[in-house]
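Every number here is computed from the coordinates shown, using simple stated rules; none is lab data. Predicted, not measured: the structure shown is a model, and the values here were computed from it. Cβ sites come from the backbone with ideal geometry, for glycine too, and all protein chains shown count toward neighbours.
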Amino acid sequence: MGNAPATEFCRSQRTPATFPIRLKVESEGFSVEREASTVDLSLRGVRVRTPLALLPGDTVGIILGGNSRRTIPARVVWARRAWTDLWSIAGLEFLETLPVVRMRP
């Protein structure tokens, strides 16, 4: 896993945002889905905290909370172990343009 600081890879301004998500990783004959949480996000991607051992180049599905099971495809840009050997921090780049969500005032 890469050890470069997260800010080195950040291509757009990030906003702190912590909420629960699920990450799904699939390969030939293998699929795993685990709880994770966001750390911050931007229009192009999100930084997450996860128990999965992700590697740069991996493709993952981001599943938001609630009733929706829509999966947002993303690519792991960087990843490193954090705090303990049980958690990783990873920078994910969205592979699709996300729809604009308007917040109510």
Check your understanding: When the Karplus curve 6.51 cos²θ - 1.76 cosθ + 1.60 is applied with θ = phi - 60°, which whole-Hz ³J(HN,Hα) does each residue of region 74-81 get, with x for Gly and Pro?
Key -> 8, 10, 6, 8, 8, 7, 8, 6
**Study point:** Relative counts (whole %) of C-alpha pair distances in region 19-101, using bins that are 5 Å wide
**Key:** 3, 15, 27, 30, 16, 7, 2, 0
Study note, to complete from the structure: Length gained if Ala17 through Ser31 is fully extended, taking 0.36 nm per residue and subtracting the Cα-Cα distance, is 2.3 nm
Exercise for review: Can you tell me which of 16-25, 87-96 comes out highest on packing, and rank the rest after it, using the mean Cβ neighbours within 10 Å?
Suggested key: 87-96, 16-25
